[in-house]
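Bear in mind that the values in this text are calculations on the coordinates, not laboratory data. Everything numeric in this text was worked out from a predicted model, so none of it was measured. All Cβ positions, glycine included, derive from the backbone under ideal geometry; neighbour counts span all protein chains shown.
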């Protein structure tokens, strides 16, 4: 295809796409993974940012689970991070290549989402969400222990077993994006030492983050010699 034909094809595809509307709080911390999926798939979407203090109480009753993020697809609202991600992954080719692979993708994505929930207080503290005044030092110890004893060993094992640079199969899935979303918090806050014992996790992040994170978000502390891997192995 020449440049003009490609542009016309893209316009036609966009015409037939549903209208995606993403609801998140104004601090934009709740829907990182959803934005990554849209970015990787190169799909346009509308974003509605809601003020926690002035707007949320009124809008909460309109949301299917009373929480954010919420994705609206042609007027149909879906609540819950993993439900949203599964829907978009299915649409945009970020699910597993086989039924068996997809079950592992779901398992690891749920495992990573569990980590986000378990460490929510720590994440809020290091990102200063709601002007968090919690004891960061004690939360750091808790988070470091969680990563070193639970999260890290499991993901390192799967990366070693799979051997493709991805968590599952031979292509990028939304489980890889969930991993980048979590570990980006370590790199953004200078806590990459939490994964010093897990070289494959660090390599996975260094290779995939440049693909899925916006340029202004990608941490320049990464090894400058690291090259992004392709979307498939």
(message) Can you sort 204, 145, 116 from fewest to most other Cβ atoms within 10 Å of each residue's own Cβ?
(response) 145, 116, 204
(message) Test of understanding: ordering 20, 194 by Cβ neighbours within 10 Å, fewest first, what list do you get?
(response) 20, 194
(request) Express in % the proportion of alpha carbon pairs of the stretch 99-212 at distances exceeding 23 Å. (result) 26
(message) Kirkwood hydrodynamic radius, the stretch 3-92, all distinct C-alpha pairs: what's the number in Å?
(response) 14.0
(request) Counting other beta carbons within 10 Å of each Cβ, put 81, 67 in order, fewest first. (result) 67, 81
(request) On a C-alpha basis, how far is the centre of the stretch 168-211 from the centre of the stretch 98-147 in Å? Whole number, if you could? (result) 13
